[in-house]
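**Q** Sending over a structure as structure tokens; questions will come in a sec.
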Amino acid sequence: MGKSRKRKKRGAEKVAPSTAPTHRSIAWHPLLVVVAGVVAYYNSFAGTFVFDDHAHIHASSRIKDLWAVWPVLGGRRPTVDITLAVNYVAGGFEVWGYHLVNLLIHLSVALLLFAVIRRTLMLAPLRARYNRSSTWLATIVAVLWVVHPLNTQAVTYIIQRGESLMALFYLMTLYFVIRGTTARSGRAWFFAAVVACSMGMAGKAVMMTAPVAVLLYDRSFLSGSVGAAWKRRWMLYCGLFGTIGVLFACGVLQGVLDSTPHSTSVGLGFKGATPLQYGLTELGVLPYYLRLALWPDPLCFDYAWPFAHTFGEVAPFAAIVVGLLALTVWALVRHPRIGFICAWFFLILSPTSSIMPIRDALVEHRMYLPLAAVIVLIVLTGHEIFRLVERVVSQRKWILRLAAAFIVTATVACLIILTVRRNAVYASNETLWRDVTTKRPQNARGFLNVATSTTDMPGAVRALETAITIDPDFADAHFNLGQAYRNLRRFEDAAASYRRTAELDADLSASAELNLGLVLGKLGRSNESAGAYRRCLEADPANYKAHFNLGNLAAESGSNAVAIERYESCIASAPSFAQGRINLARVLMRVARWEDAGKHLVRALTLVNERARGDVHVRLATVLVELGRGDEAVSHLEAALRVDPNNAKAKRALAQLKADSAR
């Protein structure tokens, strides 16, 4: 009897499990979600790697070896790196494979969204109201969300799979908790939720809001209060909140909280805006996010949203945000289920839309999960209007249902068209950035990226000059303009651009001075060129190219001792720089330091490519002759001829050696 009573008591704490819908099967509803997503994103496979894809995929050594697990796990987003490593191992840089994985993740998130909404509407508090329509409502929300063009940046822009992966684990965590509360034994589900939450934390810092979202969901739909939720499932919440430690293990929290001003795009060390300025800016950003959710056109890859400096700049938007937040708090108290939906929007955006400075104040992919809240509110509001009208209309209700189906279908079709059009913009770097400059003509960074993505040098110059007109102190634009002028052999103009870059940005000064030295050398102004290289070394003492170029200038002027010193500094900074060793050996040969020259040439042979190896063999043969090692010299000359049978120097030297040997 005692055991029976205990079982009954535990059962009373459980939420009544959901019941099956009245129709026989829901299998085709998820299929509808998948088909809609595939139709909307079928043309994304024609896209290429754009913008940061190159830095995080092409130039990343972290993803080149799937089995080198520790280097991958040592990064700030190991979950993302692992998926990229899988892509690389499976197909190298075949871009369609990366798009396929992004789409599969997106479809998985949509299916989880469907499952979470359907199970929520089937919970005991809502079952009476939504039992007959829960599957359809979940399907409509998931379809609208999966085809919404605001999500294209998180799906079609490959490296932003970090956002969609985070969303996958976010919804997975919530889904597992819902299943655990309605299962006979929820331990396995709760353990899975903690694992999913950990994986999400290893993908993106926004995941830190997931434990709060789960607790708020529990309070709103399951337990009735935060205290009751914590009392019943305290071990679960200790595990979920404990996963925030993953962010510390990945170094994310340390980087964000480091207040020392440094070159960073996010955190207290970001030099572009103070926390107050960023917070003011986000008061204007949040209403714009809502506008994009309701009317997703035009969309833009880079808004270059300006930072606000005074409250007056954002006062009208602040009134909107404060009003919406007040309504959310009121709803959480009086109507907690509606309040949860509203809180979902603000909660997930809070890490990026509060006071923590980020270089880009507004980017579309941040609305990936918050968009679901907007769509849920719209669909549920539409459902209530439909029920109200249905009660009023006593006859021909089929017309009403047909009208509702038409509205939903037409909306989905319009969203698909916009998404397909948006995907086409990602066809290349140039099309992407030209779209940006069309929609945001005051975006200097957009014109900079148009210039760097085009092969039309005159066109690049025009774009960079436009960027500088918009922002005269844009150091990156000045530097790239110098590069473009240099390619066009406009060396005087290039020199002026490099000088301006060095004045504007200390971080770019070393590169600017190095390139200034090169163009001044082209103009025959050796002394000024040497001065530029020395200033480069003041900014970056280990810059091997500056040491190398100073060595070349010294060698040309006959200053052998200075040249040797510079070349040795070059090699110390870059031991694998073959040309530095070759040029050093050349000067060492001038001063008859044959042994030292030979050592550097032997090392250079292991560093140069096949085509350059012949000349190194010839130089090494010359050294060996001077050292009295003629037989070794012959073997190197023969090796040079194997590389290039027409090498005239090798032929002459070999003939001379054979003639000397015959005497």
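**Q** Specify the residue that is nearest to the chain's Cα centre (by Cα); the eligible residues are those in segment 528-579 that are of a type in the set (Phe, Trp, Tyr), closer than 28 Å to Trp594 by Cα and in a helix (DSSP H, G or I). Walk me through it before giving the result.
**A** Filtering segment 528-579 down to residues of a type in the set (Phe, Trp, Tyr) leaves 533, 544, 548, 567, 577.
Keeping just the survivors that are closer than 28 Å to Trp594 by Cα gives 544, 548, 567, 577.
Filter once more, so that each one left must be in a helix (DSSP H, G or I): 544, 548, 567.
On the way: Tyr544: 30, Phe548: 35, Tyr567: 39 Å.
Restricting to residues being of a type in the set (Phe, Trp, Tyr), closer than 28 Å to Trp594 by Cα and in a helix (DSSP H, G or I), the top hit is Tyr544.
**Q** Let me ask another. When you scan segment 362-378, do you find a residue that is among the basic types (Lys, Arg) and assigned by TED's automatic domain parsing to the domain that holds Gly267, even just one? Break it down stepwise before answering.
**A** Step one: filter segment 362-378 for residues among the basic types (Lys, Arg), giving 366.
Of the ones still in play, those that are also assigned by TED's automatic domain parsing to the domain that holds Gly267 are 366.
Yes; the residues of segment 362-378 include at least one that is among the basic types (Lys, Arg) and assigned by TED's automatic domain parsing to the domain that holds Gly267.
**Q** Still on this structure: Could you please find all residues in segment 418-429 being in a helix (DSSP H, G or I) and under 17 Å from Asp297 (Cβ atoms)? Reasoning before the result, please.
**A** Step one: list which residues in segment 418-429 are in a helix (DSSP H, G or I), which gives 418-425, 429.
Of everything in segment 418-429, those that are in a helix (DSSP H, G or I) and under 17 Å from Asp297 (Cβ atoms) turn out to be Leu418, Thr419, Val420, Arg421, Arg422, Asn423, Ala424, Val425.
**Q** Confirm whether Ala361 is closer than 22 Å to Leu32 by Cα and among the hydrophobic types (A, V, I, L, M, F, W, C).
**A** Against the criterion (closer than 22 Å to Leu32 by Cα and among the hydrophobic types (A, V, I, L, M, F, W, C)), Ala361 does not qualify.
**Q** Quick check on Asp507: is it outside the structural domain of His365 (by TED's automatic domain parsing), touching a residue at least 40 places away in the same chain (Cβ under 8 Å) and surrounded by fewer than 21 Cβ atoms within 10 Å (Cβ to Cβ)?
**A** Here the answer is yes, as Asp507 does meet what is asked.
**Q** Same structure, new question: Looking at the structure I just gave you, is Leu123 touching a residue at least 60 places away in the same chain (Cβ under 8 Å) and either assigned by TED's automatic domain parsing to the domain that holds Leu84 or surrounded by fewer than 21 Cβ atoms within 10 Å (Cβ to Cβ) (or both)?
**A** Considered against the rule, which asks whether it is touching a residue at least 60 places away in the same chain (Cβ under 8 Å) and either assigned by TED's automatic domain parsing to the domain that holds Leu84 or surrounded by fewer than 21 Cβ atoms within 10 Å (Cβ to Cβ) (or both), Leu123 comes out as yes.
**Q** Answer yes or no: is there a residue in segment 387-394 that is among the β-branched types (Val, Ile, Thr), part of a helix (DSSP H, G or I) and touching a helix residue (DSSP H, G or I) at 6+ places or on another chain (Cβ under 9 Å). Show your work before the answer.
**A** First, the residues of segment 387-394 that are among the β-branched types (Val, Ile, Thr): 389, 392-393.
Restricting the remaining residues to those that are part of a helix (DSSP H, G or I) gives 389, 392.
This time we only want the ones that are touching a helix residue (DSSP H, G or I) at 6+ places or on another chain (Cβ under 9 Å), so: 389.
Looking through segment 387-394, at least one residue is among the β-branched types (Val, Ile, Thr), part of a helix (DSSP H, G or I) and touching a helix residue (DSSP H, G or I) at 6+ places or on another chain (Cβ under 9 Å).
**Q** Which members of segment 45-87 meet the condition of being modelled with pLDDT under 80, in a helix (DSSP H, G or I) and loosely packed, with under 15 Cβ neighbours inside 10 Å?
**A** Once the filter is applied, which keeps residues that are modelled with pLDDT under 80, in a helix (DSSP H, G or I) and loosely packed, with under 15 Cβ neighbours inside 10 Å, segment 45-87 yields Val69, Trp70.
**Q** Given the criteria of a type in the set (D, E, K, R), at pLDDT 95 or above, in contact with a His (Cβ under 6 Å, 6 or more places away or on another chain) and farther than 17 Å from Leu537 by Cβ, does Arg490 qualify? Steps first, please.
**A** Numbers: of a type in the set (D, E, K, R): yes; at pLDDT 95 or above: yes; in contact with a His (Cβ under 6 Å, 6 or more places away or on another chain): no; farther than 17 Å from Leu537 by Cβ: yes.
The answer is no for Arg490.
**Q** For segment 594-607, name all the residues that are outside any helix (DSSP H, G or I) and surrounded by fewer than 17 Cβ atoms within 10 Å (Cβ to Cβ).
**A** Thr606
**Q** Then there's this: Out of segment 616-630, which residues are under 17 Å from Gln579 (Cβ atoms) and either surrounded by fewer than 18 Cβ atoms within 10 Å (Cβ to Cβ) or among the basic types (Lys, Arg) (or both)?
**A** The answer is Arg619, and nothing else.
**Q** Also: Within segment 327-351, count every residue that is under 25 Å from Leu276 (Cβ atoms), β-branched (Val, Ile, Thr) and either free of Cβ contacts under 8 Å to residues at least 40 places away in the same chain or surrounded by fewer than 21 Cβ atoms within 10 Å (Cβ to Cβ) (or both).
**A** The number of residues fulfilling the criteria is 2.
**Q** Quick check on segment 631-648. Is at least one of its residues in contact with a Gly (Cβ under 9 Å, 6 or more places away or on another chain), among the β-branched types (Val, Ile, Thr), over 28 Å from Ala532 (Cβ atoms) and surrounded by 15 or more Cβ atoms within 10 Å (Cβ to Cβ)?
**A** Yes, because at least one residue in segment 631-648 is in contact with a Gly (Cβ under 9 Å, 6 or more places away or on another chain), among the β-branched types (Val, Ile, Thr), over 28 Å from Ala532 (Cβ atoms) and surrounded by 15 or more Cβ atoms within 10 Å (Cβ to Cβ).
**Q** Is it the case that segment 125-138 has a residue that's closer than 22 Å to Val206 by Cβ and touching a Lys or Arg at 6+ places or on another chain (Cβ under 9 Å)?
**A** No, there is no match, as no residue in segment 125-138 is closer than 22 Å to Val206 by Cβ and touching a Lys or Arg at 6+ places or on another chain (Cβ under 9 Å).
**Q** Let me ask something else. Are any of the residues in segment 523-531 crowded, with 17+ Cβ neighbours inside 10 Å and either under 26 Å from Ala484 (Cα atoms) or modelled with pLDDT under 95 (or both)?
**A** yes
The values are calculated or read from the model by the stated rules, or taken from the named source; none is laboratory data. All values reported here derive from a predicted model rather than from experimental measurement. FYI the Cβ positions are ideal-geometry reconstructions off the backbone, even for glycines, and counts take in every protein chain you see.
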